[in-house]
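Take a look at the structure below.
The values are calculated or read from the model by the stated rules, or taken from the named source; none is laboratory data. Since the model is a prediction, treat every value here as computed from it, not as a measurement. When we count neighbours, we look across all protein chains shown, and the Cβ atoms used for this are built from the backbone with ideal geometry, even at glycine.
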């Protein structure tokens, strides 16, 4: 059966069971991935998946059931299982379904024309050749990954919602390995978007420069330093601590932003945006995991926490409207909360100007151990890092083997200036370079 036919069968069954409140959530995806090692195709794979989640509300309690089998028999079974599930769940949270009335912005597929498998292979091989040609020190271990994907999201509920979003994207990852004498370094660049819009030459140059620039890196003395975080490094921090802006985490006591809406939580130069249709994002959405219209919002504006991120349940508990941030990581997942494209709004100064403002300090370009070395509940982090010294207002020699330690909540208040060079990580979280007041650095 097609999804439309399966949906109609589930609706008939729900009505036959006199279920007044229910929702059908559907996703499908397909992807092709090419992996190049040395100058040959190491891997080529295609994947496709689809799934449906049926959610019903009985006595204000939600029952879930999901399937990948779109058959007439399964349309009956999925309703049976959800009803049984609703009867067994004990929860103090009232289950809610969204009602009609929102205005939904149109979204268009990022990539309208599908690229053939042969073209993907040839493009990936071309990237690999360019990596080897970029610098004589590029050596074996250098790899290229190229993936193309399409996704569909659909939601129907008994309140009259019948929504659909489609997305398509290409992701290209270049990993360079350079050898200089006995020293070897890795570099990486990752770009997402429409394939024809990805600047391959810029991607290659970034990956090779990332590796070459670290040649000769030494240790750094322990102490407190002004720190310039690169866009990638700052985006990695924001991604690690993004959950603190979730109303669900706040209501569970797992974030220190409780009762902070309307208060200053960051420096005046910090604005943090959540945008479901950000132009640089690979996947744009018009509705969230509950069918609430998704919209751009300044979560933090000029340092003030405007709003947490809400779904229907947490908004009901707080007495506010949902911000359209209900999430379902997969069709079978229960409803949670997450941002769409989440980023620190860029300022107007260049990275070089941030170096000049710092005078002397450290430019952090890479952070490691983000899961083990960061605590989203307290905001504390202690992370392995690498980068460059900043001397006399300029980027100087490379450094490695040190740690940076601070607190995310405190760091937001210590931002001195925000650069103009916004970078996205995994196409979903972004930041420009930022200059932060003194941070504890553990080195030699």
(request) Could you list, in sequence order, all residues of region 265-298 that are without any contact (Cβ under 8 Å) to a residue 60 or more places away in the chain and surrounded by fewer than 22 Cβ atoms within 10 Å (Cβ to Cβ)? (result) 268, 279, 296, 297, 298
(message) Residue under question is residue 219, and the condition is that it be in contact (Cβ under 8 Å) with a residue 60 or more places away in the chain, under 24 Å from residue 440 (Cβ atoms) and surrounded by fewer than 17 Cβ atoms within 10 Å (Cβ to Cβ); does it hold?
(response) yes
(request) For region 376-444, please list each of the strands (runs of 3 or more DSSP E) lying entirely inside it that holds at least 1 residues being farther than 19 Å from residue 268 by Cα. (result) 380-391, 394-407, 423-425, 429-431, 434-442
(request) Could you list, in sequence order, all residues of region 316-335 that are surrounded by fewer than 21 Cβ atoms within 10 Å (Cβ to Cβ), in contact with a helix residue (DSSP H, G or I) (Cβ under 7 Å, 6 or more places away or on another chain) and outside any loop (DSSP other than H, G, I, E, B)? (result) 317, 318
(request) Run residue 250 past the list (1) surrounded by fewer than 19 Cβ atoms within 10 Å (Cβ to Cβ); (2) modelled with pLDDT of 95 or more; (3) over 26 Å from residue 355 (Cβ atoms) and report the number of the one that doesn't hold. (result) (1)
(request) Please work out which residue is surrounded by the fewest Cβ atoms within 10 Å (Cβ to Cβ), limiting yourself to region 222-239 and to residues that are out of contact with any helix residue (DSSP H, G or I) (no Cβ under 8 Å at 6 or more places or on another chain) and part of a helix (DSSP H, G or I). (result) 239
(request) Hey, can you tell me all the residues within region 407-422 that are surrounded by fewer than 21 Cβ atoms within 10 Å (Cβ to Cβ) and within 26 Å of residue 188 (Cα to Cα)? (result) 408, 420, 421, 422
(request) Within region 190-215, work out how many residues are crowded, with 20+ Cβ neighbours inside 10 Å and touching a helix residue (DSSP H, G or I) at 6+ places or on another chain (Cβ under 8 Å). (result) 6
(message) Taking the condition of being under 30 Å from residue 65 (Cα atoms) and buried (at least 17 other Cβ atoms within 10 Å of the Cβ), how many residues in region 30-46 meet it?
(response) 1
(request) Could you check residue 94 against (1) surrounded by fewer than 16 Cβ atoms within 10 Å (Cβ to Cβ); (2) more than 19 Å from residue 336 (Cβ to Cβ); (3) in contact with a strand residue (DSSP E or B) (Cβ under 9 Å, 6 or more places away or on another chain) and say which number it fails? (result) (2)
(request) Only residues in region 191-203 that are without any contact (Cβ under 8 Å) to a residue 24 or more places away in the chain count as the first member; pair them with residues that are surrounded by 17 or more Cβ atoms within 10 Å (Cβ to Cβ) and assigned to a helix (DSSP H, G or I), Cβ under 8 angstrom, at least 6 apart or cross-chain, and list the lot. (result) 191/203
